[in-house]
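Step one of this worksheet: look at the structure below.
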Amino acid sequence: MEQHGNSDIERGSFIASLILLKNGNVPIKSLIDVGCADGNFALQCWNLFEGEIELLNIDAQEIYRDSLQKIQEVVGGHYRIVCASSFNGQIRLRQGKHAYWSKLNQSFSQLNEADTDETLVEARTLNSLVSEVQLPPPYLIKMDIEGAEFSALQGATHLLDDTSAIILETDIFYDLNSSGNFLDIYNFLGTRNFSLFDITSLGYRPSDHILYQIYSVFLNKKYEFRHTRPFIENSDSLTELMNERRAYILNLNEQILSDIREFKTMLSSFTANPMEEPSSDKASG
């Protein structure tokens, strides 16, 4: 497969993370996209891996069926309109104001405060779905299911040893009624031979610019390659970069110190010669 040069990789998306995994010769034979919506990520992966990847698109909402059917007709693979969960059965899906915001967790209030519609949908574990369609390992699992990722991971425990990498939409902040935050997921995967590979697509709340969401990428340690690569190709260029950085910092320090000196001089002058209020002439007579 064709490799992308590191200088060609535009960081800031999980597609870039995939390119880095590919360049590291991490094997991927199948994509399991949970919360796939219209399936665009699967198409990007199919192109990136030049068609040498089998697809399983999963989403709980009927609105996406036509898009997923079209993808299956053109590139093959599979799709299922079900909810990925920790059990097989049925589960209630709360409909959001937009299809992207529909979710299982009732405590999600930032965007769905007025929503009341619920739909009973089929719940399936990834263990059972992958066994059903006979996907070839190793797998790449991607999840974007509005806070239900931890539950879906618990239904995929039989797959994890054969999974190369996992990409998860991960909320940093959860309210008191939620569960499965970043630390829960990190600990869950850390005890199953995964390490954090990348953090990308940082999301900041429009109201106060606080970080609320990231995409976290985990790598199965048996495919670890980072220790085999140098920190930088040319150590001389690193020294040059550090020299440039120090020169920039020293210049910045001088600018800040100059502003402070000017302020202190002005303050000292004002303290030594306080402005006197002009006296008003008293009217005579």
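Can you spot a residue in the range 206-214 that is within 16 Å of ILE32 (Cβ to Cβ) and modelled with pLDDT under 95?
Checked against the condition, which is being within 16 Å of ILE32 (Cβ to Cβ) and modelled with pLDDT under 95, the range 206-214 yields no hits at all.
Quickly run through the range 218-227 and pick out the residues that are over 15 Å from the mean Cα position of the chain (by Cα) and not in a loop (DSSP other than H, G, I, E, B).
Within the range 218-227, ASN220, LYS221, LYS222, TYR223, ARG226, HIS227 qualify.
When only residues in the range 73-91 that are of a type in the set (S, T, N, Q) and in contact (Cβ under 8 Å) with a residue 60 or more places away in the chain count, which is surrounded by the fewest Cβ atoms within 10 Å (Cβ to Cβ)?
SER86
The values are calculated or read from the model by the stated rules, or taken from the named source; none is laboratory data. The model shown is predicted, which means the values in this text are computed figures rather than measured ones. In this analysis, Cβ positions are derived from the backbone assuming ideal geometry, glycine residues included, and neighbour counts consider all displayed protein chains.
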